Structures are given as C-alpha cells and as structure tokens.
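Before any comments, here is the structure.
The values are calculated or read from the model by the stated rules, or taken from the named source; none is laboratory data. None of the values given here were measured: they were computed from a predicted structure. Virtual Cβ from ideal backbone geometry, glycine too; neighbours counted across all protein chains shown. Accessible surface is based on the protein model in full, side chains and every heavy atom, while ligands, DNA and RNA are left aside. Shrake-Rupley method; radii C 1.70, N 1.55, O 1.52, S 1.80 Å.
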Amino acid sequence: MAPVPYRVVTRVVDGSDVVTIGLVPAGADAVGVPAPGQFLMVWVNGVGEIPISVSGIGADGLVELTVRRVGMTSEAIVGSEVGDVLGARGPYGTAWPIEEADGRDIVVVAGGLGVAPLRLAIEALVARRRDPHRVHVVIGARRPDQLLYADTYERWRAAGAQVVTTVDAADRDWTGAVGTATELLGRHDLRGDVAFVCGPELMMVWTARALLRTGMAADRIHVSLERNMHCGIAHCGRCQLGPLLLCRDGAVVSWDRVAPLMAVPGR
Amino acid sequence: MTTDATRDRIEQALATHPFSAGLAEAHLRRLASIAHEESYPAGAWILRSDAPADRFHLVTAGRAAVEVLAAGREPTLIATVHPGQVIGWSWATPPYRVHFDVVALDPVATVAVDATELRAACDDDHELGFHVMRRLAAVLAARLESTRHQLVDVYGPAR
Ligand SMILES: Cc1cc2nc3c(=O)[nH]c(=O)nc-3n(C[C@H](O)[C@H](O)[C@H](O)COP(=O)(O)OP(=O)(O)OC[C@H]3O[C@@H](n4cnc5c(N)ncnc54)[C@H](O)[C@@H]3O)c2cc1C
C-alpha cells in the first residue's frame with residue numbers, strides 16, 4: 001500500500017521535544033477518517049516510516065499528529081515545516097470502545113505522550129455525555145510544562161468532565177497534584193466502571209493493577225499497547241505479542257487479553 | 001471548649017472521611033473525643049520536620065504539600081495531600097517526631113486527632129488499634145508504591 005501525500009499546514013510546539021502538526025491531503029487522495037485510538041503509518045521521504053496515533057481531526061481531511069523526537073524518523077517529522085509533504089497510510093488498528101462508556105462512569109488515564117491517542121476519545125466522550133455518568137480524566141507527566149494540550153483541559157471541564165493532573169515534580173505554584181496517577185486512582189471521586197489507559201508501558205501496567213484494586217473488571221480496562229511496528233497491516237510480525245498482532249488486534253486492547261502476555265523475562 | 005455541635009461535626013467528618021469511614025460506632029466516638037478541628041491559611045506550616053508528632057490530620061478541605069527543606073537548595077515538593085487523605089504517620093512510631101515539612105497550599109481544614117491520646121487509645125483498645133494501624137499500613141503502602149513509581153521516572157527517555 002503506497003503512502004498518500006499530505007501537506008503540513010500547522011505546527012505547534014508543545015514542550016521541549018514534542019510537536020503537534022496538522023496535515024491535509026496534498027492531492028485528491030486521502031486516508032480514511034480515523035476513529036479515536038487509530039494510527040497512521042507516517043512516511044518521511046528518504047528517512048523512514050513509523051506509526052503515529054491520530055490526535056485530532058478537522059475539516060478538509062485535516063489530521064493532527066503529536067510526535068516526540070526519539071530517533072531518525074520521529075526527528076524528521078518533528079522537524080518538518082509548514083508546507084512540507086509527508087506520506088500517510090491507514091488508518092490502522094483498533095479504536096477506543098467509546099460506546100462502552102454509555103451509561104457508565106469512565107476513567108481516562110493518560111501519561112506523558114499517552115494523551116495524544118486519547119485526545120479524540122476524550123473529545124468524543126465529553127460530547128456524548130447526556131446522563132449523570134461522569135468522565136474522569138487523570139493526566140500525568142514528569143513536570144507541569146510537559147502536560148500536553150494543557151489549554152484544552154478547561155474546555156473539557158466546562159463540558160462536564162473532571163480533569164485532574166499529577167506530576168512527578170513541581171514547585172508550590174503548581175495547582176495540580178504531585179504524585180502518581182496510580183495513587184490518585186485510590187480517590188473515591190475518581191472511581192469508574194470503564195477505563196481507557198495510555199502511556200509508557202510500565203505506567204499502563206501499574207494503572208491497570210490499581211484499577212483492578214478498585215474493583216474494575218479486567219475486560220473493562222482498555223490500554224493502547226504501542227510496541228514497535230513495521231508494516232501496519234499484520235504481515236510482518238514485528239508487533240507480535242503472544243497470539244496478537246498489535247497493529248491489527250491493537251493498539252487498543254482490553255486488559256484481560258494482554259495481562260497474561262505482559263510478563264518480562266528477567267536477566 | 002468543644003461544643004456538642006462541634007463534636008457532632010467531628011463525628012460526622014470522621015464517619016465520612018475515607019481513612020475512618022466504616023469504623024465501628026464506638027471507635028468513631030472514641031476518635032472524635034480526642035480530635036478537634038483545625039484550619040490553616042495558604043502558606044502556613046501544618047507540620048515542621050523534627051517537631052514532636054503530636055497530631056494526626058485527616059484532611060477535609062484544601063491541598064497541602066509534603067516538602068524537604070535543606071539549607072542551600074530549593075524546597076523539594078515530594079507529594080501533595082488532598083481532601084480524603086491523611087497527613088502524618090510519624091505519630092505512630094518512636095521517637096514520635098515529624099519526618100517532613102508539610103505546608104498548606106490552599107486554605108486547609110483538618111480533623112486533628114491528638115497523637116498522644118491516639119497512641120494510648122490504640123494501646124488500651126487493641127481492636128481500635130488494629131483497625132487504625134491496618135488503615136495506616138494501607139496509606140503507607142500506597143505512598144511507598146507511589147514513591148517507587150516516581151523513582152523509575154516512567155516519563156523520562158526510554159533506556
Ligand atoms: C500504534 C502506535 C502509535 C504511536 N503513536 C505515537 C504518537 O502519537 N506519537 C509519537 O511520538 N510516537 C508514537 N508512537 C511511537 C513511534 O512510532 C516511535 O517513537 C517511532 O517508531 C520511533 O521511530 P524513530 O525512527 O524516530 O526512532 P528509532 O530509531 O526507531 O528508535 C529510537 C528509540 O525509540 C525507541 N522506540 C521506537 N519505537 C518505539 C515505540 N513504539 N515505543 C517506545 N519506544 C520506541 C527505540 O527503542 C529507540 O530507543 C506510536 C507507536 C505505535 C506502535
């Protein structure tokens with residue numbers, strides 16, 4: 001499958017090494033409309049191709065990607081300028097099961113860059129709330145200046161969501177919590193029946209366990225497992241986890257399916 | 001002097017605070033009899049490191065910060081404490097002196113249990129003592145887990 005050319009139309013720097021770029025189709029072709037949680041394979045000419053979650057969508061086929069610089073290809077995407085052309089194919093992978101939150105309280109837990117694949121889900125959840133059931137959003141980061149999309153939290157709150165933030169370190173001016181997301185999940189006002197979780201893998205493991213301790217069922221906890229992927233279309237096997245090919249069966253999977261597969265052999 | 005109305009309010013606060021909710025009625029009454037209400041303006045010290053650990057605070061409003069202060073370096077904010085949580089465990093183990101500084105970040109309200117009386121109550125009613133210590137152990141386990149998670153620096157660069 002060949003990548004479709006997309007032109008960079010917006011570029012917003014978020015913290016020291018993260019950038020959110022907006023892309024629109026450069027020609028007549030476009031990728032399908034991504035559902036919250038799905039990803040695109042993003043191609044940079046002469047550099048490489050990597051999976052990136054869709055963090056926003058808009059008019060005229062706009063897709064937004066929030067990218068952290070970690071290696072060659074992500075560096076090239078972060079460094080792209082308005083007007084540059086990248087390639088995209090997809091959307092691939094499973095989506096957050098938004099309807100599962102209907103009639104239930106939902107806890108969305110996002111750590112670090114993990115808020116990117118959850119942003120569309122949070123938007124969809126706050127847009128759908130027509131009953132007393134609540135959307136609780138817990139966002140964790142290393143420091144306050146590394147919280148992504150901080151200017152949208154007030155809008156989510158105004159739409160009825162409870163949004164709490166926690167960081168590993170801050171000074172006294174900080175108005176959120178200092179500590180971990182797992183510690184916050186012990187709070188009674190943050191209890192839910194369903195959870196969407198995305199962040200570094202260790203953080204997701206700890207969060208899932210903390211949610212289980214609150215009595216949440218394993219099949220109601222959904223995580224996004226972003227292991228290295230290559231083809232995106234369940235051919236190459238790079239992202240195999242036990243019986244799952246994460247580019248097809250994930251990245252969003254329920255905890256009951258993956259918990260037994262998460263053990264890491266010691267060395 | 002504690003009025004009946006204040007006593008009722010304290011009993012009510014203890015009955016609903018996550019630390020003490022679910023304790024037997026008699027135990028709640030015993031705790032209420034050795035507790036009083038305290039409030040701290042933003043910026044006030046709630047506990048000072050190395051002072052006698054004479055109170056156990058159940059936070060009912062406002063946020064507080066646990067800090068480490070040392071000459072020649074900026075204060076390090078280790079954790080925040082929120083309504084529904086507790087401040088202080090140094091009251092439970094000898095030599096009963098406070099380990100960390102705790103400052104009110106907002107106006108903070110607590111139900112403060114007298115620590116000397118609480119230790120005596122736990123000693124002479126082991127049933128009460130067991131439930132208080134079991135709950136305190138859960139608080140400590142959660143704090144220890146959280147501190148260990150912070151040590152791992154999960155949001156830092158992959159190694
Ligand atoms: C489904 C999915 C969605 C993703 N969404 C996003 C997103 O929205 N934003 C974003 O910035 N990144 C996202 N990633 C991660 C992104 O794909 C990797 O950072 C990228 O592949 C790194 O490629 P590179 O050429 O820049 O670096 P490389 O040279 O390939 O790797 C550099 C370093 O990053 C590590 N690394 C590579 N891939 C991953 C990975 N998947 N997870 C953790 N560490 C990795 C490598 O081990 C190495 O240490 C996603 C990954 C998946 C599988």
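Scanning the range A:41-56 for residues that are within 8 Å of the ligand (Cβ to nearest atom) and under 17 Å from A:CYS239 (Cβ atoms) yields A:GLY48, A:ILE50, A:PRO51, A:ILE52, A:SER53. Quick check: anything in the range A:70-78 crowded, with 19+ Cβ neighbours inside 10 Å and part of a strand (DSSP E or B)? There is no residue in the range A:70-78 that is crowded, with 19+ Cβ neighbours inside 10 Å and part of a strand (DSSP E or B). Which members of the range A:191-202 meet the condition of being more than 13 Å from chain B (Cβ to nearest Cβ), of a type in the set (Gly, Ala, Ser) and assigned to a loop (DSSP other than H, G, I, E, B)? Of everything in the range A:191-202, just one residue is more than 13 Å from chain B (Cβ to nearest Cβ), of a type in the set (Gly, Ala, Ser) and assigned to a loop (DSSP other than H, G, I, E, B), namely A:GLY192. Condition first: within 16 Å of the ligand (Cβ to nearest atom) and either without any contact (Cβ under 8 Å) to a residue 60 or more places away in the chain or open to solvent by 60 Å² or more (accessible area, probe 1.4 Å) (or both). Now tell me which residues in the range A:85-107 satisfy that. None; the set is empty. Against the condition assigned by TED's automatic domain parsing to the domain that holds A:ALA158 and near the ligand (Cβ under 10 Å from one of its atoms), how does A:LEU113 come out, does it pass? The answer is yes for A:LEU113. Selection of the range A:212-232 for residues being within 16 Å of the ligand (Cβ to nearest atom) and open to solvent by less than 70 Å² (accessible area, probe 1.4 Å) yields A:HIS222, A:VAL223, A:SER224, A:LEU225, A:MET229, A:CYS231, A:GLY232. Where strands (runs of 3 or more DSSP E) fall entirely within the range B:44-102, those with at least 2 residues that are β-branched (Val, Ile, Thr) are at B:55-61, B:64-70, B:73-81. When the range B:1-41 is filtered for residues that are of a type in the set (Ser, Thr, Tyr) and modelled with pLDDT of 95 or more, the ones remaining, listed by number, are B:THR16, B:SER20, B:SER33, B:SER39, B:TYR40.
Here B:LEU77 clears all of (1) open to solvent by less than 30 Å² (accessible area, probe 1.4 Å); (2) closer than 20 Å to B:PRO18 by Cα; (3) within 14 Å of chain A (Cβ to nearest Cβ) except the condition numbered (2). Here A:VAL205 meets each of (1) touching a Ser or Thr at 6+ places or on another chain (Cβ under 9 Å); (2) of a type in the set (Val, Ile, Thr); (3) in a helix (DSSP H, G or I) with one exception, condition (1).
Screening A:HIS133 with (1) at pLDDT 90 or above; (2) open to solvent by 40 Å² or more (accessible area, probe 1.4 Å); (3) assigned to a loop (DSSP other than H, G, I, E, B) gives one miss only, at (1). Of all residues in the range A:57-84, those that are within 16 Å of the ligand (Cβ to nearest atom) have Cβ atoms under 9 Å from Cβ atoms of residues that are in a helix (DSSP H, G or I) and of a type in the set (D, E, K, R), 6 or more apart or on another chain, in A:GLU64/A:ARG119; A:THR66/A:ARG119; A:ARG69/A:GLU75.
Can you work out which of the residues in the range A:233-257 that are open to solvent by 70 Å² or more (accessible area, probe 1.4 Å) and without any contact (Cβ under 8 Å) to a residue 40 or more places away in the chain is nearest to the ligand (Cβ to nearest atom)? Per the criteria, the residue is A:ARG238.
Any idea how many residues of the range A:240-267 are of a type in the set (A, V, I, L, M, F, W, C), part of a loop (DSSP other than H, G, I, E, B) and under 13 Å from A:TYR92 (Cα atoms)? So the count comes out to 1. What number of residues within the range B:107-159 are open to solvent by less than 50 Å² (accessible area, probe 1.4 Å), within 14 Å of chain A (Cβ to nearest Cβ) and part of a helix (DSSP H, G or I)? Residues meeting the conditions: 6. The number of residues in the range A:147-190 being in a helix (DSSP H, G or I) and either in contact with a helix residue (DSSP H, G or I) (Cβ under 7 Å, 6 or more places away or on another chain) or not assigned by TED's automatic domain parsing to the domain that holds A:LEU113 (or both) comes to 6. Answer yes or no as to whether A:ILE21 is more than 9 Å from the ligand (Cβ to nearest atom), under 16 Å from A:PRO117 (Cβ atoms) and in contact with a Pro (Cβ under 7 Å, 6 or more places away or on another chain). So A:ILE21 fails the test. The residue that is nearest to A:TRP174 (Cα to Cα), among those in the range B:96-106 that are out of contact with any Pro (no Cβ under 9 Å at 6 or more places or on another chain) and open to solvent by 60 Å² or more (accessible area, probe 1.4 Å), is B:PHE100. Return yes when A:VAL167 is among the β-branched types (Val, Ile, Thr), within 14 Å of chain B (Cβ to nearest Cβ), more than 16 Å from the ligand (Cβ to nearest atom) and surrounded by 22 or more Cβ atoms within 10 Å (Cβ to Cβ) and no when it is not. Yes, satisfied. Of the residues screened, A:SER224 is not one that is farther than 23 Å from A:ARG142 by Cα and of a type in the set (Ser, Thr, Tyr).
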